[in-house]
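Undergrad: So that we are looking at the same thing, I have put the structure below in structure tokens.
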Amino acid sequence: MTTRCITVLGATGSIGLSTLDVIRRHPGRFSVYALTAGTRARELATLCWEFRPKVAVMASERAADELRELLADCPDTQVLGGEAGLCAVAAASDADTVMAAIVGAAGLAPTLSAVRAGKRVLLANKEALVMSGQLFMDAVIASGSELLPIDSEHNAIFQCMPADKIRDPKAAGITRILLTASGGPFRTMAAEELRSVTPSQACAHPNWSMGQKISVDSATLMNKGLELIEACWLFNTTPDQVEVHVHPESIIHSMVEYADGSVLAQLGSPDMRTPIANGLAWPERIEAGVAPLDLFAIGKFHFERPDLQRFPCLRLAAEAFASGGTAPAVLNAANEVAVEAFLDGKLCFADIPVIIERTLAATPVVPASDFDTIFTKDAEARSRAREQISLLSV
Ligand code: NAD
Ligand code: MG
């Protein structure tokens with residue numbers, strides 16, 4: 001049994017809490033070095049009392065002050081604040097494994113910090129990889145960091161590939177990756193009805209319980225678009241080798257097709273603790289608290305093609321990836337701004353792709369030559385997306 005010392009970035013979120021649930025089940029195997037959160041100091045304090053990390057980090061100094069007060073009687077835990085603190089714990093030599101589970105672009109700098117320090121990085125934060133693609137993978141290769149996919153689809157693909165050919169699928173005889181998608185809560189809804197859906201309807205995913213942002217992404221199919229890009233970078237492949245299959249039961253988490261006609265699939269109950277446990281213990285297997293699969297109860301599997309007319313976000317993501325350079329970072333930033341506006345009641349659901357498409361058209365693509373260029377484009381795209389939202393609401 002390999003013991004591991006873990007930092008959980010985004011500990012109060014859906015993935016963070018599932019990670020801590022798996023860790024809790026294996027006290028002799030895992031210890032916690034650091035826990036981090038954005039604004040919810042009270043929730044992080046509760047986790048600190050249970051897991052006694054050496055360091056706890058909040059995204060802002062103000063939130064860190066609040067946490068310091070809450071942990072005044074907890075001498076074990078030092079409290080830091082701000083992005084510098086997040087990056088410091090991600091790289092600290094005390095931990096060997098970092099769960100990257102901050103949502104959105106805010107996760108890029110800390111995740112990259114863990115990569116550069118050569119950690120085992122469990123990647124849930126797909127936006128970090130989508131934004132910076134080649135630069136991110138170059139950093140992984142340069143440091144020798146062990147990047148393991150936590151996104152359920154990518155973890156499934158990883159499990160269906162020979163471990164030594166993850167970055168060379170052709171050499172493994174792989175002809176296609178079949179990326180499954182649930183289709184989200186509006187899979188069968190007519191285009192006109194999509195205009196009036198509410199944030200609470202969009203966040204009520206039929207199979208998975210997730211954070212708000214990824215729930216909306218699943219409803220627009222932007223999540224599948226981000227995952228298509230994520231798959232191309234993780235497995236060093238091209239979009240024509242990846243085919244999205246809508247599979248509403250969310251039991252097959254993805255598949256890999258081989259030259260001899262074999263298709264290998266990974267199945268399981270839709271519970272993120274499976275890919276999380278796989279990443280934490282890999283190559284060993286550990287209990288994760290997941291309900292066993294009852295195929296008799298499920299009975300049937302269905303597959304359909306995604307509808308790019310009603311859900312243009314998947315097309316926009318594929319186009320941004322084909323444009324290359326900073327286009328995926330712009331796509332991601334515009335999506336984050338549009339989703340936030342939708343959740344705040346300031347944008348209708350059907351206008352999310354409209355804002356993204358207009359932001360992409362208004363933001364010139366430049367080569368993604370370094371991370372500074374990525375961060376600058378991210379900021380530029382955010383202000384252009386906000387501009388487009390205000391134009392729509394006039
Ligand atoms: P969530 O909203 O539930 O949690 C996000 C976490 O990030 C929280 O701990 C929050 O405090 C922290 N955070 C938010 N903004 C921050 C900031 N500016 N600085 C520092 N920390 C900040 O999100 P989630 O559903 O757990 O998703 C996390 C990541 O995992 C996302 O990138 C998502 O796409 C990916 N993912 C999630 C699931 C899932 O089932 N939830 C599945 C696959 C991939
Ligand atoms: Mg996924």
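The values are calculated or read from the model by the stated rules, or taken from the named source; none is laboratory data. Keep in mind it's a predicted model, so treat the numbers as computed, not measured. Counting neighbours? That spans all protein chains shown, and the Cβs are built from the backbone with ideal geometry, glycine included. Quick note on the areas: whole protein, heavy atoms, side chains included, nothing else; ligands and nucleic acids left out. Shrake-Rupley method; radii C 1.70, N 1.55, O 1.52, S 1.80 Å.
To keep it simple, each residue is scored yes or no on (1) within 20 Å of Arg315 (Cβ to Cβ); (2) in a loop (DSSP other than H, G, I, E, B); (3) touching a strand residue (DSSP E or B) at 6+ places or on another chain (Cβ under 6 Å).
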position	(1), (2), (3)
Gly184	yes, yes, no
Trp208	no, yes, no
Asp217	yes, no, no
Lys224	yes, no, yes
Glu249	no, yes, no
His253	no, no, yes
Glu257	no, no, yes
Gln266	no, no, yes
Pro275	no, no, no
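Undergrad: For the range 89-101, check the following and say yes or no: at least one residue is at negative phi, crowded, with 19+ Cβ neighbours inside 10 Å and acidic (Asp, Glu).
TA: no
Undergrad: Say whether the condition of being more than 7 Å from ligand 1 (Cβ to nearest atom), open to solvent by 50 Å² or more (accessible area, probe 1.4 Å) and acidic (Asp, Glu) is met by at least one residue in the range 17-30.
TA: No: zero hits.
Undergrad: Enumerate the pairs (first residue in the range 144-171 and over 15 Å from Gly279 (Cβ atoms); second residue anywhere and away from ligand 1 (no atom under 16 Å from the Cβ) and charged (D, E, K, R)) with beta-carbon separation below 8 Å, excluding pairs fewer than 6 apart on the same chain, so at least 6 apart or on different chains.
TA: Close Cβ pairs satisfying both conditions: Ala171/Lys165.
Undergrad: Is there a residue in the range 169-181 that is within 16 Å of ligand 2 (Cβ to nearest atom) and of a type in the set (S, T, N, Q)?
TA: Narrowing the range 169-181 to residues within 16 Å of ligand 2 (Cβ to nearest atom): 177-181.
Retained after the next criterion (residues that are of a type in the set (S, T, N, Q)): 180.
Yes, there is a match, as at least one residue in the range 169-181 is within 16 Å of ligand 2 (Cβ to nearest atom) and of a type in the set (S, T, N, Q).
Undergrad: I need the helices (runs of 4 or more DSSP H) fully contained in the range 289-386, keeping only those with at least 3 residues that are within 24 Å of His247 (Cβ to Cβ).
TA: Hits in the range 289-386: 295-298, 313-323.
Undergrad: Does Arg4 meet the test of being open to solvent by 10 Å² or more (accessible area, probe 1.4 Å), of a type in the set (Lys, Arg), away from ligand 1 (no atom under 11 Å from the Cβ) and in contact with a Gly (Cβ under 8 Å, 6 or more places away or on another chain)?
TA: Criteria not met by Arg4.
Undergrad: Right, next: For Pro283, state whether it is over 30 Å from Glu357 (Cα atoms), open to solvent by 60 Å² or more (accessible area, probe 1.4 Å) and touching a residue at least 40 places away in the same chain (Cβ under 8 Å). Break it down stepwise before answering.
TA: Details: over 30 Å from Glu357 (Cα atoms): yes; open to solvent by 60 Å² or more (accessible area, probe 1.4 Å): yes; touching a residue at least 40 places away in the same chain (Cβ under 8 Å): yes.
Here the answer is yes, as Pro283 does meet what is asked.
Undergrad: Looking at (1) within 16 Å of ligand 2 (Cβ to nearest atom); (2) open to solvent by 30 Å² or more (accessible area, probe 1.4 Å); (3) aliphatic (A, V, I, L, M), find the lone condition where Met189 falls short.
TA: Only one criterion is unmet by Met189, namely (1).
Undergrad: Is it the case that Ser132 is in contact with a Phe, Trp or Tyr (Cβ under 8 Å, 6 or more places away or on another chain), within 16 Å of ligand 1 (Cβ to nearest atom) and either hydroxyl-bearing (Ser, Thr, Tyr) or under 24 Å from Thr12 (Cα atoms) (or both)?
TA: Yes: the conditions hold for Ser132.
Undergrad: Looking for something touching a helix residue (DSSP H, G or I) at 6+ places or on another chain (Cβ under 7 Å), away from ligand 1 (no atom under 16 Å from the Cβ) and under 21 Å from Thr274 (Cα atoms) - is there at least one such residue anywhere in the range 225-235?
TA: Among the residues of the range 225-235, at least one is touching a helix residue (DSSP H, G or I) at 6+ places or on another chain (Cβ under 7 Å), away from ligand 1 (no atom under 16 Å from the Cβ) and under 21 Å from Thr274 (Cα atoms), which makes the answer yes.
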